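Colleague: Sharing a structure here in structure tokens format.
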Amino acid sequence: MEKTQKIFVKEIIDSEFAVSLDRADLLYNFLTGILQNNEKIDLSFEGIDVMLTVFANESIGKLYESFPPELIENIVMVDIDDNTMDTIIRVKKKALELYNNK
């Protein structure tokens, strides 16, 4: 069985605050590379103190515009609090509605 790599959002965006579009673009570009290579990762939110919905939309929701949902499921969210997970669930649901109805 292949080992899943653990990636830390805090390291990718170089901040404990997931709030700006610039930092969301950093995460989006990183995740795009992961998905293009069909890799599986655990995306750790350890050390992230604040995440805004706009950040989640731009970094995770936008993935559904270019990749099938089955492939995006290769990215597993770990070390995440309930509020942040709820935000990501809402963003994924909205993105599925938006991009699958094109």
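The values are calculated or read from the model by the stated rules, or taken from the named source; none is laboratory data. If you're wondering where the values come from, they're calculated on a predicted model, not measured in any experiment. Note that we place each Cβ from the backbone using ideal geometry, even for glycine, and neighbour counts take in every protein chain shown. Calculation scope for accessible area: heavy atoms of the full protein, side chains included, ligands and nucleic acids excluded. Shrake-Rupley method; radii C 1.70, N 1.55, O 1.52, S 1.80 Å.
Colleague: Does the stretch 51-68 contain any residue that is free of Cβ contacts under 8 Å to residues at least 12 places away in the same chain and open to solvent by less than 40 Å² (accessible area, probe 1.4 Å)?
Modeller: To start, the set of residues in the stretch 51-68 that are free of Cβ contacts under 8 Å to residues at least 12 places away in the same chain comprises 68.
Still in the running and open to solvent by less than 40 Å² (accessible area, probe 1.4 Å): none.
Taking every residue of the stretch 51-68 in turn, none turns out to be free of Cβ contacts under 8 Å to residues at least 12 places away in the same chain and open to solvent by less than 40 Å² (accessible area, probe 1.4 Å).
Colleague: Another question, then. Could you list, in sequence order, the residues of the stretch 1-50 that are surrounded by fewer than 17 Cβ atoms within 10 Å (Cβ to Cβ), of a type in the set (Ser, Thr, Tyr) and in contact with an Asp or Glu (Cβ under 7 Å, 6 or more places away or on another chain)?
Modeller: Selection gives Thr4 alone.
Colleague: Do we find a residue being within 13 Å of the chain's Cα centre (by Cα) and closer than 17 Å to Thr84 by Cα anywhere in the stretch 30-42?
Modeller: The initial filter retains those residues of the stretch 30-42 that are within 13 Å of the chain's Cα centre (by Cα), namely 30-35, 40-42.
Adding the requirement that they be closer than 17 Å to Thr84 by Cα leaves 42.
For the stretch 30-42, residues within 13 Å of the chain's Cα centre (by Cα) and closer than 17 Å to Thr84 by Cα: present.
Colleague: Let me ask something else about it. Residues that are of a type in the set (Gly, Ala, Ser): which strands (runs of 3 or more DSSP E) entirely in the stretch 1-101 hold 1 or more of them? Quick ask: steps written out before the conclusion?
Modeller: On the way: elements: 5-8, 41-44, 75-78.
Answer list for the stretch 1-101: 41-44.
Colleague: So, in the stretch 69-102, how many residues would count as being more than 13 Å from the chain's Cα centre (by Cα) and open to solvent by less than 30 Å² (accessible area, probe 1.4 Å)?
Modeller: 0
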